[in-house]
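J.: Just passing along the structure, written as structure tokens.
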């Protein structure tokens, strides 16, 4: 049986290109399980298409510190225009 990870600090300071609340929490993670945090956020309105954004989360624990990153690129919304066909009976 795996031990719980007690009082684990998790820190995710969102990059300037992202609008949302950063995370700075202290949690206990049951042994053998994972922990998920969902951060509601939006890309800043002044960010240009093609820009690359990197977000990194840091986890600190006596058994070892770690981090994980996600990288994404801002792309344009695709607009699809459908023809309107009207038929008279």
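Bear in mind these aren't lab numbers, they're just calculated from the coordinates by the rules spelled out. In this text, all values refer to a predicted model and were calculated from it rather than measured experimentally.
J.: Can you give me the relative contact order of the chain as a percent, contacts being Cα pairs under 8 Å and 6 or more apart?
T.: Reported relative contact order: 27 percent.
J.: Shifting gears a bit: Of the listed values (1) 13, 33, 22, 15, 9, 5, 3, 1; (2) 15, 36, 22, 14, 11, 3; (3) 12, 19, 20, 17, 13, 17, 3, identify the label whose number matches P(r) over Cα pairs in 10 Å bins from 0, in percent calculated from this model.
T.: From the options (1) 13, 33, 22, 15, 9, 5, 3, 1; (2) 15, 36, 22, 14, 11, 3; (3) 12, 19, 20, 17, 13, 17, 3, the structure gives (1).
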